[in-house]
Amino acid sequence: MDTDINVYRQRRQHVLSQIGEDGVAIIFAAPEQRRSNDTEYPYRQDSYFHYLTGFPEPGSALILNGREHSATLLCHNKDPGHEIWNGFRYGYSAAREVFAFDCADDIGQWPAYLKKALSGHRHLFALWGLYHDNDSKVQELWYEIARIANYRKTNGSTIAPESMVNLATILDPMRLIKDEHEQKIMRIATEISAQAHIRAMQTTRPGQFEYQVEAEILHEFMQRGARFPSYNSIVAGGKNACCLHYVSNNCQLKPNELLMIDAGAEYQMYAGDISRTFPINGRFTSAQKDVYDIVLAVNQASIASTVKQANWQTISTAAIQMLTQGLIDLGLLHGSLEQNIEAQTYRRFYMHGLGHWLGLDVHDVGGRFDNQEQPILLQPGMVTTIEPGLYISAADDIPKAFHNIGIRIEDNVLVTENGNEVLTASVPKTIPEIEALMQH
């Protein structure tokens, strides 16, 4: 069997062991999304569904039966007419064989399969809240089986359903730790992303429009095998960089201003997520250097602290202290470090967190705290972004040299047994490296 497919089967086996003999789980593929009239957005599979199946087609569902320890795929069958217009389908037989399911059948039969599986099980696991139409149908079946089972229970020993459980409580901790298969894919996704940022630095010139730089980024993604970005690219010149999620990308680039790019490729469903900031004309001004050096120092110190058993809250707190002290040193904040931290004055210039989990989703699943509200310590296999920033909009109380400087430096970091691996290390980020690259 293909080792990649074996990975998905092993994940299903783990979930089956977690839901136990009294559990049954159902997971749905993502629905297709209409873009306009009779055209659809490019299809992307649901991340959870992909994680457990590797199956790429819409109109599918997975049922896991704890008592039988079985995995059933419901999907569309082969249809030559449909395939002429819309492309290849696996069909039941090939899907079962290629993706290592115990059974495969028509998607229209999922209610019957679930109804049968629910009989004799106490717990129903699903990803509640993702697809509301499916939630309603699943709940109707649950209540129907529960009523029948409870009636019979009063006259015999039939097991009655007792609870509906969020399957994410099992899947999120699994997805938080990337296995070797995932790490291999993420190295490719992040390197494609890195090369696109390098291309952007090499080709950016004053007078271009932001969307022209975006085009260079997308070109590199596709040339290297990543058909789509993992999120809407942010290509923000000058003051636009002070808008954290700026995606209009339609302004002309001016000399003596900075360009902040936050862009990542999606490769085989996994996301890269890199931010770099550089001077449009290839040379930083003195004020730009001063701000950039603060953000870079925080980026580097935070990465150095991102190791096994580290507390993310401690790393984030240290980053805030460094950024705040830097703002005081620049004269943009006044008073002691302690006073500014307590009053959170830094939030005028640093409004977001230090980073987020990365994986199948660019803001990947998994919290920073456990069920007892204790911080989750970093473990090998976790992948996080490290993305400090400073955003200084023009204002009367800000020296003009600092007006509209928006800087974010973001890397993707894999925690390892002996430290970490910076997956995005190939993108220059020191001032001499950036300026040298832009002169070529």
Name the single residue, out of those in region 419-430 being open to solvent by 20 Å² or more (accessible area, probe 1.4 Å) and among the β-branched types (Val, Ile, Thr), that is farthest from Gly238 (Cα to Cα). Val422
For region 389-402, give me each residue that is hydroxyl-bearing (Ser, Thr, Tyr) and surrounded by fewer than 21 Cβ atoms within 10 Å (Cβ to Cβ). Ser393
Limited to region 275-329, what total is found for residues that are over 29 Å from Gly419 (Cβ atoms) and either open to solvent by 40 Å² or more (accessible area, probe 1.4 Å) or basic (Lys, Arg) (or both)? 7
Can you find a residue in region 363-380 that is out of contact with any helix residue (DSSP H, G or I) (no Cβ under 7 Å at 6 or more places or on another chain), part of a strand (DSSP E or B) and within 25 Å of Ala196 (Cβ to Cβ)? no
Can you tell me which condition Tyr270 does not meet? The list is (1) of a type outside the set (D, E, K, R); (2) touching a residue at least 40 places away in the same chain (Cβ under 8 Å); (3) in contact with a helix residue (DSSP H, G or I) (Cβ under 8 Å, 6 or more places away or on another chain); (4) under 28 Å from Glu435 (Cβ atoms), and all the others hold. (4)
Matching residues in region 251-268 (surrounded by 20 or more Cβ atoms within 10 Å (Cβ to Cβ) and more than 26 Å from Leu360 (Cβ to Cβ)) number 4
List, please: which pairs have Cβ atoms under 6 Å, are six or more places apart or on different chains, and start with a residue in region 67-81 that is modelled with pLDDT under 95 and end with one that is open to solvent by 60 Å² or more (accessible area, probe 1.4 Å) and part of a loop (DSSP other than H, G, I, E, B)? Arg67/Glu21
Output for region 117-130, where each listed residue is in contact (Cβ under 8 Å) with a residue 60 or more places away in the chain, open to solvent by 50 Å² or more (accessible area, probe 1.4 Å) and either within 30 Å of the chain's Cα centre (by Cα) or closer than 25 Å to Arg9 by Cβ (or both): His123, Leu130
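Can you tell me which residue in region 23-42 is nearest to the chain's Cα centre (by Cα), limited to those that are open to solvent by less than 70 Å² (accessible area, probe 1.4 Å) and either of a type in the set (Phe, Trp, Tyr) or more than 28 Å from Asp179 (Cα to Cα) (or both)?
Phe28
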Is there any pair linking a residue in region 91-106 that is farther than 21 Å from Gln13 by Cβ and among the polar types (S, T, N, Q) to one that is buried (at least 20 other Cβ atoms within 10 Å of the Cβ) and at pLDDT 95 or above, with Cβ under 9 Å and at least six apart or on different chains, and which? Ser93/Ala104
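Here's the yes/no breakdown for (1) open to solvent by less than 40 Å² (accessible area, probe 1.4 Å); (2) at pLDDT 95 or above; (3) part of a helix (DSSP H, G or I):
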{"position": "Lys115", "(1), (2), (3)": "no, no, yes"}
{"position": "Asp133", "(1), (2), (3)": "no, no, yes"}
{"position": "Leu141", "(1), (2), (3)": "yes, no, yes"}
{"position": "Ile148", "(1), (2), (3)": "no, no, yes"}
{"position": "Pro173", "(1), (2), (3)": "no, yes, yes"}
{"position": "Ile188", "(1), (2), (3)": "no, yes, yes"}
Look at Thr416 and say whether it is surrounded by fewer than 17 Cβ atoms within 10 Å (Cβ to Cβ), β-branched (Val, Ile, Thr) and either in contact (Cβ under 8 Å) with a residue 12 or more places away in the chain or closer than 27 Å to Ile198 by Cα (or both). yes
Subset of region 333-388 that is in contact with an Asp or Glu (Cβ under 8 Å, 6 or more places away or on another chain), modelled with pLDDT of 95 or more and of a type in the set (Gly, Ala, Ser) - its residue that is surrounded by the fewest Cβ atoms within 10 Å (Cβ to Cβ): Gly381
Count - residues of region 190-221 that are without any contact (Cβ under 8 Å) to a residue 24 or more places away in the chain and either in a loop (DSSP other than H, G, I, E, B) or under 14 Å from Asn249 (Cα atoms) (or both): 4
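The values are calculated or read from the model by the stated rules, or taken from the named source; none is laboratory data. Predicted model, so just to flag it, every value in this text is computed and none were measured. Note that we place each Cβ from the backbone using ideal geometry, even for glycine, and neighbour counts take in every protein chain shown. In case anyone asks, the SASA skips ligands and DNA or RNA and just uses the protein heavy atoms, side chains included. Shrake-Rupley method; radii C 1.70, N 1.55, O 1.52, S 1.80 Å.
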